[in-house]
Amino acid sequence: MLRSIKALREYAITATDGTVGQVADFYLDAKAWVIRYLVADLNEGLISRQALISPVALGQPDWEERVFPIRLNREQVAQSPAITLDQPLTQQDEASLHEYYQWPVYWMGEGFAPPPAVDVPPEVYSTEEAAAPPPATLPPDPHLHRIEQVIGYTLQAKDGETGRVKDFIVNDETWAIGYMVVDLPDGLTSHRQVLLSPHWVERVSLAEAKVTIDLHRETIQNSPAYDPAEPVNQDYEAKLYDYYGRPQ
């Protein structure tokens, strides 16, 4: 099922022996267009700390109760490598995390392969290169972005700016990003929302706070409207791709 990623924030995270915290954010892989990590805000008394949870550790979510169960115990999460949200997540941070949890890590020259639980086309990350830890001098993965940061980015079309990123629609089984929700000005005071495929995105820039897409402004502005109160169904998707004239 397709769900709003913003609606999943503040879900409780329960370990095998009790609640450990709640979802604070997500890390997006903007090359494979999957969620690479959940950011857990841990319950540690007066001390605020965040930890990363890979989708490979998730059990079956309880959507009605807004709970993400994980196949880890509380001590494992509490002792996991600490992260700092106001600093870029380095490839060394990822290596330490995967080594700690004994999650599989594949260094591919351009970034870590996404967790095996998510559905990523094989051409995105080659598996032919030998697995090896990243050299200590490598910079943060340029394709890795916090969802909370990207929401609000300006959308850069081929012929100028138009709208802002409002949300992402995620497949709750594969953790693949299905759509990017864009908020467009509609007149002087009103707004309308549209959906765009992430595979039409050319670049996500933290420095410029922009998402560049391979479409013209008028095409985006005349796109079928998206109503967040309505589920994204096959009829809407067929209408959307038919409008853009691109394969689904």
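Remarks
- Residues located in segment 193-232, provided they are touching a Ser or Thr at 6+ places or on another chain (Cβ under 6 Å) and not aliphatic (A, V, I, L, M): Glu202, Arg203, Lys210, Arg217
- Condition check for Leu28 on (1) surrounded by fewer than 20 Cβ atoms within 10 Å (Cβ to Cβ); (2) in contact with a Lys or Arg (Cβ under 8 Å, 6 or more places away or on another chain): one failure, at (1).
Every residue, every condition in (1) part of a strand (DSSP E or B); (2) modelled with pLDDT under 95; (3) surrounded by fewer than 13 Cβ atoms within 10 Å (Cβ to Cβ); (4) of a type outside the set (Phe, Trp, Tyr), yes or no:
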| residue | (1), (2), (3), (4) |
| --- | --- |
| Met180 | yes, no, no, yes |
| Gln193 | yes, no, no, yes |
| Glu202 | yes, no, yes, yes |
| Ile220 | no, no, no, yes |
| Tyr236 | no, yes, no, no |
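- Evaluation of Pro55 against the conditions (1) closer than 29 Å to Gln193 by Cβ; (2) out of contact with any Phe, Trp or Tyr (no Cβ under 8 Å at 6 or more places or on another chain) shows that the sole unmet condition is (2).
- Check on Val170, within 26 Å of Ile5 (Cβ to Cβ), β-branched (Val, Ile, Thr) and at pLDDT below 90: no
- Selected residue [free of Cβ contacts under 8 Å to residues at least 12 places away in the same chain and closer than 21 Å to Thr174 by Cβ] from Asp62, Asp29, Asp25, Asp86: Asp62
- Of the residues screened, Gln60 is not one that is of a type in the set (S, T, N, Q), assigned to a strand (DSSP E or B), in the same structural domain as Tyr101 (by TED's automatic domain parsing) and closer than 30 Å to Tyr226 by Cβ.
- Restricting segment 44-78 to residues that are surrounded by fewer than 18 Cβ atoms within 10 Å (Cβ to Cβ) and in contact with a Lys or Arg (Cβ under 9 Å, 6 or more places away or on another chain), the residue that is farthest from His98 (Cα to Cα): Trp63
The values are calculated or read from the model by the stated rules, or taken from the named source; none is laboratory data. Bear in mind the structure is a predicted one, so any value in this text is a computation, not a measurement. A quick note on method: Cβ atoms are made from the backbone with ideal geometry, for glycine too, and the neighbour counts reach across all protein chains shown.
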